[in-house]
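Every number in this text was worked out from the coordinates using simple rules, so none of it is lab data. The model shown is predicted, which means the values in this text are computed figures rather than measured ones. Counting neighbours? That spans all protein chains shown, and the Cβs are built from the backbone with ideal geometry, glycine included.
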Amino acid sequence: MNYTLTINGKRRSVDVAPEMPLLWVLRNELGLVGSKFGCGMGVCGACTVHVDGQAQRSCSLPISDVGTAKIVTIEGVGATPVGQRLQKAWLDIDVAQCGYCQAGQIMSAAALLQQTPKPGHEDIVSGMSGNICRCATYDRIQKAILNAAGKMEAVDAA
């Protein structure tokens, strides 16, 4: 079936089976390989993208369910002010180790900051739940989110 998607502000057309997960459309059909395959069940977060501003697991979202939603991937999140602040904070805090989960982590963090611009610790824990980091960089991820939210002084004082 033919689908026209708005991805990172650009309209793209694909001809794929309706049950194909959005992740495979992005990676295999459109060459947007920043979102990663982790578990294939939507529980690890490595494949997280924004669908109409909401963090969604693209590995378990069939293309037929996307409809006319606007999709933002890790390749496009830097075009937003929140995405720019997060990317800078990720580098400033030196969050990534292996880096495999980081695209999904940043996408979930961006959705969190869009909803809750000045999150507290519990907001971050809740907003980032379901994003697994095998390198266990959770403390640095939380610090980077606080940094991007302009709350780094809270981390320095702790």
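Taking a sphere under 10 Å around the Cβ of Gly45 and counting the other residues whose Cβ falls inside, with K and R at +1 and D and E at -1, yields a net charge of +2.
The fewest-to-most ranking of His121, His50 by surrounding Cβ atoms within 10 Å reads His121, His50. In the calculated pair-distance distribution of the stretch 58-108, the portion above 16 angstrom amounts to 48 percent of the Cα-Cα pairs.
The distance separating the Cα centre of the stretch 1-15 from that of the stretch 81-142 comes to 28 Å. Every helix of 4 or more DSSP H residues in the chain counts as -39500 (n - 2.57), and over all residues that averages to -10000 deg cm²/dmol at 222 nm.
Could you check how many percent of all C-alpha pairs in the chain are farther apart than 23 Å? Cα-Cα pairs in the chain separated by more than 23 Å: 34 percent. Helix 138-148 and the longest principal axis of the Cα set of the chain meet at an angle near 90°. Under 5 Å between amide hydrogens, built in the peptide plane, is the criterion, and for Thr80 it picks out nothing among residues at least 5 positions away or on other chains.
Calculate how steeply helix 81-93 sits against the longest principal axis of the alpha-carbon atoms of the chain, using the helix alpha-carbon long axis, and give the answer as 0 to 90 degrees to the nearest 10. Tilt of helix 81-93: around 50 degrees.
Mean-square fluctuations from a GNM of the chain, with a 10 angstrom spring cutoff on Cα atoms, peak among Met128, Met107, Met20 at Met20. Helix 102-115 and the longest principal axis of the Cα set of the chain meet at an angle near 80°.
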